1. So how do Thr70, Thr50, Thr56, Thr65 line up by other beta-carbon neighbours within 10 Å, fewest first?
2. Pop the C-beta distance of Lys19 and Phe131 into the FRET formula with R0 = 30 Å and round what comes out to the nearest 0.05.
3. Filter Lys77/Lys121; Lys19/Lys87; Lys6/Lys77; Lys6/Lys43; Lys76/Lys100 down to the pairs with a C-alpha to C-alpha distance above 23 Å, please.
4. Given the Cα-Cα distance of Asn123 and Glu71 and 0.36 nm per residue of separation, how much length would full extension add, in nm?
5. Can you give the longest stretch of the chain with no exposed loop site, where a site means GluC sites (Glu not before Pro) in a DSSP loop (not H, G, I, E or B) with at most 15 other C-beta atoms within 10 Å?
6. Per-residue ellipticity at 222 nm for the chain, helices alone: DSSP H runs ≥ 4 residues times -39500 (n - 2.57), over residue total, nearest 500 deg cm²/dmol?
7. For the charge dipole of the chain, defined by +1 on Lys and Arg C-beta atoms and -1 on Asp and Glu C-beta atoms about the Cα centroid, which residue among Ile63, Gln12, Ala92 has the Cα displaced farthest towards the positive pole?
8. Based on DSSP H assignment, which helices of the chain show an axial Cα extent of at least 27 Å together with a mean Kyte-Doolittle hydropathy greater than or equal to -0.5?
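Nothing in this text is a laboratory measurement; each read-out follows from the coordinates by a stated rule. Fair warning: this is a prediction, and the values are worked out from it, not measured in the lab. All Cβ positions, even for glycine, are placed from backbone atoms using ideal geometry, and neighbour counts span all protein chains on display.
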Amino acid sequence: MLYSEKVMDHFQNPRNVGKMDDADGVGEVGNAVCGDIMKIYLKVEDGVITDVKFNTFGCGSAIATSSMATEMIKGKKIEEALELSNKAVVEALDGLPAHKLHCSVLAEEAVKAAVKDYYDKNNIPYDPAMFPTDCAHCEGCGH
Ligand code: FES
């Protein structure tokens, strides 16, 4: 079996799919390799992520990782969402085939972009180095 049960479950029954009209932070990223796009919406109250939605125009692995990522950051502090790594998401899904690992990067980047948007909208100061624009962490994905 190429995909774990958890990947299949999150692909077939993705959690937190949808849009949010009154989001406090929105992040949209694209994958230069395959052209897929992902959008993540955050609702933030008192520094805590109270709701998350995602919308993706992407493959099954991108759907599964976004679904898992939204579950992992819901109810967490906004700073904790920044610590979410694609590796942690992949581990929570019991792994992905090597050639699909680049798909998981999309979820991590979309979460970070949404947090940055939240910081920008609320004039919250941050270190720009926290949001690298190059893809140094994304080894070998061809970005
Ligand atoms: Fe594009 Fe997976 S093939 S995100």
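1. Starting with the residue having the fewest Cβ neighbours, the order is Thr50, Thr56, Thr70, Thr65.
2. In this case the efficiency is close to 0.80.
3. Too far apart for the 23 Å limit: Lys19/Lys87; Lys6/Lys77; Lys6/Lys43; Lys76/Lys100.
4. Working it through step by step, the gained length comes to 16.1 nm.
5. 1-82
6. So the helix-based figure for the chain works out to -11500 deg cm²/dmol.
7. My answer, from the dipole projection, is Gln12.
8. On the way: long enough: 101-121 (31 Å, -0.11).
Sorted by number, the helices that extend far enough and score high enough are 101-121.
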